[in-house]
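Computed from the coordinates by the stated procedures, all read-outs in this text should not be read as laboratory data. This one's a predicted model, so the numbers in the text were calculated from it and none came from an experiment. Glycine gets a Cβ as well: all are built from the backbone with ideal geometry, and neighbour counts include every protein chain shown.
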Amino acid sequence: MEKTYRAGEHVACPYCHKVKWPDIGCMVSKIRIGDEIFSRIKADTPMDCRQGLRDQVCHDCKVKTGQYHHYGCGMEVCPHCAAQLISCHCNEVYIMEIG
């Protein structure tokens, strides 16, 4: 079961501990899938699910264009297989990496 962290009334990311609120993107920029390390896909970039929604906030984790989605966001794309990260098979073996 996933741990939920709370910071005041807003849920905080379990990896970077930042509150999921507009203008506060995840600080974790890398993801390890198996033995490989990948750069995470930023919101509203060419491979992101919500591409084309410039200057809008992700409805799931509240990040803006150019920020990393927070852990568990349903809109984050897997940088390995390009599917939705929370439901792809890579999700079973990934570890977030700060840096």
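Describe numerically, in nm with one decimal, the distance between label points set 7 Å from Cα along Cα→Cβ at residue 39 and at residue 27.
2.1 nm
What does the net charge come to around residue 82 if you take all other residues with beta carbon closer than 12 Å to its beta carbon, with K and R at +1 and D and E at -1? Spell out each step's value before the answer.
Numbers: positive: none; negative: 48, 76.
Taking every Cβ under 12 Å from that of residue 82, the sum is -2.
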